[in-house]
Amino acid sequence: MSYEERANARPNLGDDSDVEEEALVNDYREQVNFDDSMSELDRTTSLGAGSQTQDLQAQLAAAATPLEYQATLETKFASYDNYCSLFHYILNSEGPVDLEVPSYYWAWDVIDEFIYQFESFCRYRNRVARSGSNEEEAQLLRENPNTWGCYSVLNVLYSLIQKSQINEQLAAMKRGEDPLAYAGEYGSRPLYKMLGYFSIIGLLRVHCLLGDFSLALKTLDDIEMNKKAMFARVMAAHFTTYYYVGFSYMMMRRYADAIRMFSHILVYVSRTKNFQKGGNSYDAIAKKNDQMYALIAICVALQPTRLDDTIHSALREKYGEQLHRLQQGGPEALPLFEELFRSACPKFISPTPPDFDNPAVNVDPVDHYTGIFMDEIKNTIHNPTIRSYLKLYTTMDLKKLAGFLEVEPEKLRSWLLVNKQRSRQVRWIEGGLLEGEPAVANDLDYALESDLIHVSETKAGRRLVDWYLRNLARVY
Amino acid sequence: MVAAFDKCETRPANIDAILEGLDRYNPETTTIFQDYVAQQCEDRSFDCYANLALLKLYQFNPHLLQAETATNVLTKALTVFPSPAFSLCLALLPAYTQPFNTDGQAAAQNNDFVESVQKLAQLSTLLESAQYAQFWSTLNSDDLYADLVADVAGFEELVRIRIALEIGKTFREISIDILEQWLDLRSRDALEKFATEVCSWQVDNAAGVVRVPTNKENEVRSEVKSERVGIDMFGRVIRRGFEQAA
């Protein structure tokens, strides 16, 4: 049976998902083609600049265009000013501005690039302070503490959201009402609506970069996470959303939800793979793709889960040996957890200017978050060992097991408590992303009667429906 | 039904309004949040989501940071272990606090705030890794700890109840000697009183054990999860049946 058929036969992917997905795939094709025509557009606009409108067109195009890799600080400052004046014009003109936007995807590109430049500026500033070698740049940064400030960045995003009444519109859509009734003068225009919408995704990302994981998830309250959502129309937005939502869940120790998010998007990407090769965002997506596989490997090690077949085989292919080591646990696996986390986490930033006078006190934010994450890993690193042993018994003496594991009985009691705690997890069922019910996340359960461990295992019954449907599809 | 992370039953309406709106970024609300933390310390309630908003204000406006309030937020977060609350709070603190740095670099900075955060992080690690006996001995080992938890009314009692709760989930029966160490109740009378009155456990002095009545977590039943079969799963087959017939 071909892969395509198997994917179609899988009932838990949602019944209308195939039709939806076909539409998305076609949509993506358009995007890829569109990117080409977009670059031509760039060329034509750059030919004639001078008059007011053309100047604006240049600003619009520049806002969506990445800076050169080696851009100087002056260029970065100038780019910030460009964004400021552009957003000022869009937000504070009298009445909604009537702009001819280069493309439908322009809104996403602008917000994406805006946040990317904020992120890289903060990281650069922090690096200059830490190395303490480039006095000239340090001085320039010291004199401009408000350039790319966190308040101005958040201000832009929140203003776009408010102006477009996008949250009200989305809430209305959720209730099945007409969003236009809530859109207002600004929000009824595609320019404002799209900017507002992608600003929500942008906020998710900024909050996550700043380490505020619960607020990141809260930001998406009005957005429904499914393929019908607006973000799904722009591949990069779709991808970004699931990455940051999954990551935030992971930092809130909701591994089951994190796995659900990563799996969803990775399955989708694997189906659209053929089209990506042509796109110019292919490299970026391929990189994020690998990062998400690394994160899913971490989550699965922390919480054994049956993965979707496609994800499972891709994971084995990319991280087979590492996954095995992660799943074995034990102190030997710690460096690997750290390595994968560092390679796959977002590039965290510190929102405030660093201390240029004391290079030593400036710590890379990535180190900070890695430390916090690794503490939880260290606390739970013995869970896999415990699980693999207890699976073999229905009753077991604690001292005897301690002997097998060559640890003090006292230590083993702690490990048992920890494993029990971590097998209870909040899991999303419905409503906002922060909601959820505690669920038993493990098929292995146990209780201690003094030193006697009673073990029980929840077995999954045979899954017949899937098999039945698959065979039915083949013969009928 | 557990309340969502962003909700809190004991949260006053005015705090709720700030959290919902953009005032959560307004430096002028810092004092309101600080008062709210003080109130939580007194009345033993805990509102993680609101406290994170305060730490975020500190993150954006480092000059406003009140070390004492920040450490009180962390101490309060300890009283709800095991939960991600403590690490979520740490995530909003400045990176220079290096909560889990053990190589003593930060000590060289000679910063009281950094030292406090690191001490509290150490306590958190002990609680999260269920090393309760070490937790109590660490807590009692240094006057600095006493200072850190001083503002939080009933800190020890809250943690003790929390530990008891975790024990109740994993144990049906536990020896009195271990319980003594884990709960840091050295007198037999106090231990019996706590076990029977607060936890409703039975103390069996003759056998030297405490029995925990069966609850949802410690009963441990084996079961076979059967598959959920819904008509929707057959939608495609049924549809095809109709289409072909036509």
Under 8 Å between Cβ atoms, which residue pairs at least 6 apart in sequence (or on different chains) link something in region A:179-190 that is in contact (Cβ under 8 Å) with a residue 40 or more places away in the chain with a partner that is part of a helix (DSSP H, G or I)?
A:Tyr186/A:Lys163; A:Tyr186/A:Ser164; A:Tyr186/A:Tyr192
Those helices (runs of 4 or more DSSP H) lying entirely in region A:278-390 with at least 3 residues more than 14 Å from every other protein chain (Cβ to nearest Cβ):
A:282-302, A:309-328, A:334-344, A:383-390
Only one of (1) closer than 22 Å to A:Asp309 by Cβ; (2) modelled with pLDDT of 80 or more is not met by A:Tyr446, so which one is it?
(1)
Residue that is modelled with the lowest pLDDT, among those in region B:214-236 that are more than 7 Å from chain A (Cβ to nearest Cβ) and surrounded by fewer than 11 Cβ atoms within 10 Å (Cβ to Cβ):
B:Arg228
A:Leu334 - would you say it is buried (at least 21 other Cβ atoms within 10 Å of the Cβ) and at pLDDT 90 or above?
no
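Please verify whether region A:423-446 includes one or more residues that are among the hydrophobic types (A, V, I, L, M, F, W, C), more than 30 Å from A:Leu220 (Cα to Cα) and within 7 Å of chain B (Cβ to nearest Cβ). Working first, answer last.
Just the residues of region A:423-446 that are among the hydrophobic types (A, V, I, L, M, F, W, C), to begin with: A:426, A:428-429, A:433-434, A:439-441, A:444.
Applying the additional criterion that residues be more than 30 Å from A:Leu220 (Cα to Cα) yields A:444.
Narrowing the set further to residues that are within 7 Å of chain B (Cβ to nearest Cβ) leaves none.
No, region A:423-446 has no match at all.
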Any idea which residue in region A:208-229 is farthest from the other protein chains (Cβ to nearest Cβ), counting only those that are under 17 Å from A:Gln162 (Cβ atoms) and in contact (Cβ under 8 Å) with a residue 24 or more places away in the chain?
A:Ile223
Checking the structure you have, find out if any residue of region B:46-54 is away from every other protein chain (no Cβ under 14 Å) and of a type in the set (Gly, Ala, Ser).
no
Out of B:Phe194, B:Phe242, B:Phe155, report the one residue that is more than 10 Å from chain A (Cβ to nearest Cβ), in contact (Cβ under 8 Å) with a residue 40 or more places away in the chain and among the aromatic types (Phe, Trp, Tyr).
B:Phe155
Name the pairs: first residue in region A:114-142 and farther than 19 Å from A:Val153 by Cα, second residue small (Gly, Ala, Ser) and surrounded by fewer than 20 Cβ atoms within 10 Å (Cβ to Cβ), Cβ to Cβ under 6 Å, at least 6 apart or on different chains?
A:Val128/A:Ala138
Residue check: is A:Tyr116 aromatic (Phe, Trp, Tyr), surrounded by fewer than 18 Cβ atoms within 10 Å (Cβ to Cβ) and under 14 Å from A:Pro351 (Cβ atoms)?
no
Starting from region A:362-377, take each residue that is farther than 20 Å from A:Asn126 by Cα and list its partners that are outside any helix (DSSP H, G or I), counting only C-beta distances under 9 angstrom and pairs at least six apart or across chains.
A:Phe373/A:Cys345; A:Met374/B:Phe100; A:Asp375/B:Pro99; A:Asp375/B:Phe100; A:Glu376/A:Arg253; A:Glu376/B:Pro84
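The values are calculated or read from the model by the stated rules, or taken from the named source; none is laboratory data. Values in this document were obtained by computation on a predicted structure and should not be read as measured data. Glycine also receives a Cβ, built like all others from the backbone with ideal geometry; neighbour counts cover every protein chain displayed.
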